[in-house]
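The structure appears right after this line, and notes come after that.
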Amino acid sequence: MATILIAEDDDNIRFLMKRELAKSHILLCSTNGVEAWQTISEREIDLLIADIMMPGMDGFGLIGKVRGSGSTIPILMITANQDFDLKRQGFSLGTDDYLTKPFELDELVWRVQALLKRSKAVGDRQVINGDLTMDSLSLTLSMGEQSVTLPRKEFDLLHKFLSYPGRIYTKSQLFDSVWGYSAESSENTLKTQISRLRKKISPFSGLSLKAVKGIGYRMEILDEK
């Protein structure tokens with residue numbers, strides 16, 4: 001089940017989109033770009049739906065921040081303006097698709113499904129750094145002739161860390177992403193998984209999973225030059 005963030009300041013449109021998409025997805029909502037960026041910084045998001053005209057920070061500003069952070073999550077931009085230059089600006093910033101108001105809810109669902117499917121296909125095999133590769137179909141990490149197959153939870157943890165090397169993840173963020181927001185997992189569960197993951201990746205030179213005291217964990221990809 002994908003987690004979708006809707007950034008839309010129109011209460012009626014936001015309500016209708018949420019009601020329709022919540023049938024098969026986890027929905028989060030923000031009324032402006034500032035709130036949306038805060039949510040993206042704290043939660044694992046699979047797709048962003050953003051209106052262009054929003055108070056505080058508009059859709060263009062939000063997309064700029066998302067792509068500037070290195071995130072590749074699919075973005076569907078919503079706009080009431082069919083101006084070609086606006087669309088060009090959105091695509092140049094990293095928008096994946098456009099939907100013009102007013103729109104049919106069925107079309108919204110189709111576009112969301114297409115973006116999520118495309119995103120999954122791209123993410124099935126991801127080159128992280130150089131010849132360091134993660135394959136979500138076989139749950140393997142490989143580099144040169146070195147390869148290891150991981151249990152699903154360990155793979156999901158590693159994928160999160162390697163998606164943004166150097167970024168510090170809090171324990172609650174890791175629980176949310178790997179075990180689910182409402183899962184009853186203890187700190188010992190996370191420590192056990194981290195310990196096992198460290199042992200599994202120890203043969204891979206250049207990878208270092210470090211604890212950040214009082215906060216959480218981060219993965220470093222060391223320069224071997």
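The values are calculated or read from the model by the stated rules, or taken from the named source; none is laboratory data. This is a predicted model, so every value here is computed, not measured. Backbone-built Cβ (ideal geometry, glycine too); neighbour counts: all protein chains shown. Remember, those area values only see protein heavy atoms, side chains included, never the ligands or the DNA or RNA. Shrake-Rupley method; radii C 1.70, N 1.55, O 1.52, S 1.80 Å.
Looking only at the stretch 73-99, how many residues end up being hydroxyl-bearing (Ser, Thr, Tyr) and in a loop (DSSP other than H, G, I, E, B)? If you could, list the steps in order and put the result at the bottom.
First, the residues of the stretch 73-99 that are hydroxyl-bearing (Ser, Thr, Tyr): 79, 92, 95, 98.
If we keep only those that are in a loop (DSSP other than H, G, I, E, B) too, we end up with 95.
Residues flagged as hydroxyl-bearing (Ser, Thr, Tyr) and in a loop (DSSP other than H, G, I, E, B) within the stretch 73-99 amount to 1.
Determine whether the stretch 169-176 contains at least one residue that is in a strand (DSSP E or B) and at pLDDT 80 or above.
Yes, that holds for at least one residue.
Which of the numbered conditions does Thr100 fail, given that it passes all the others? Conditions: (1) more than 14 Å from Ile49 (Cα to Cα); (2) at pLDDT 85 or above; (3) open to solvent by less than 80 Å² (accessible area, probe 1.4 Å).
Going through the list (1) more than 14 Å from Ile49 (Cα to Cα); (2) at pLDDT 85 or above; (3) open to solvent by less than 80 Å² (accessible area, probe 1.4 Å), Thr100 breaks only (1).
Residue-wise test of (1) in contact with a Leu (Cβ under 9 Å, 6 or more places away or on another chain); (2) under 22 Å from Val178 (Cα atoms).
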residue: Ala7; (1), (2): yes, no
residue: Asp11; (1), (2): no, no
residue: Met17; (1), (2): yes, no
residue: Asp46; (1), (2): yes, yes
residue: Ile49; (1), (2): yes, no
residue: Gly64; (1), (2): yes, no
residue: Gly68; (1), (2): no, no
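For the stretch 30-49, what are the residues that are closer than 18 Å to Arg111 by Cβ and assigned to a strand (DSSP E or B)? Walk me through how you get there before you give the answer.
Of the stretch 30-49, the ones closer than 18 Å to Arg111 by Cβ are 45-49.
Leu47, Leu48, Ile49 - these are the residues of the stretch 30-49 that are closer than 18 Å to Arg111 by Cβ and assigned to a strand (DSSP E or B).
Determine the pairs where a residue that is under 10 Å from Gln82 (Cα atoms), located within the stretch 94-108, has a partner that is open to solvent by 40 Å² or more (accessible area, probe 1.4 Å) and part of a loop (DSSP other than H, G, I, E, B) with Cβ atoms under 9 Å apart, the partner being 6 or more residues away or on another chain.
Thr100/Ala80; Thr100/Asn81; Thr100/Gln82; Lys101/Asp10; Lys101/Ala80; Lys101/Asn81
So is Asp9 of a type in the set (Asp, Glu), surrounded by fewer than 22 Cβ atoms within 10 Å (Cβ to Cβ), touching a residue at least 12 places away in the same chain (Cβ under 8 Å) and in contact with a Pro (Cβ under 7 Å, 6 or more places away or on another chain) or not? Write out each step before concluding.
Details: of a type in the set (Asp, Glu): yes; surrounded by fewer than 22 Cβ atoms within 10 Å (Cβ to Cβ): yes; touching a residue at least 12 places away in the same chain (Cβ under 8 Å): yes; in contact with a Pro (Cβ under 7 Å, 6 or more places away or on another chain): yes.
Yes: the conditions hold for Asp9.
Tell me the residue from Arg67, Arg19, Arg14 that is loosely packed, with under 15 Cβ neighbours inside 10 Å, among the basic types (Lys, Arg) and in a helix (DSSP H, G or I), please.
Numbers: Arg67 fails: loosely packed, with under 15 Cβ neighbours inside 10 Å; Arg14 fails: loosely packed, with under 15 Cβ neighbours inside 10 Å.
Sole residue among the options that is loosely packed, with under 15 Cβ neighbours inside 10 Å, among the basic types (Lys, Arg) and in a helix (DSSP H, G or I): Arg19.
Which condition from (1) without any contact (Cβ under 8 Å) to a residue 60 or more places away in the chain; (2) within 17 Å of Ser163 (Cα to Cα) is the one that Asp46 breaks?
Asp46 satisfies all of (1) without any contact (Cβ under 8 Å) to a residue 60 or more places away in the chain; (2) within 17 Å of Ser163 (Cα to Cα) except (1).
Of all the residues that make up the stretch 28-57, how many are under 20 Å from Ser92 (Cβ atoms) and open to solvent by 60 Å² or more (accessible area, probe 1.4 Å)?
2
I'd like to verify a number: residues in the stretch 186-225 that are open to solvent by 70 Å² or more (accessible area, probe 1.4 Å) and on the phi > 0 side of the Ramachandran plot, how many?
1
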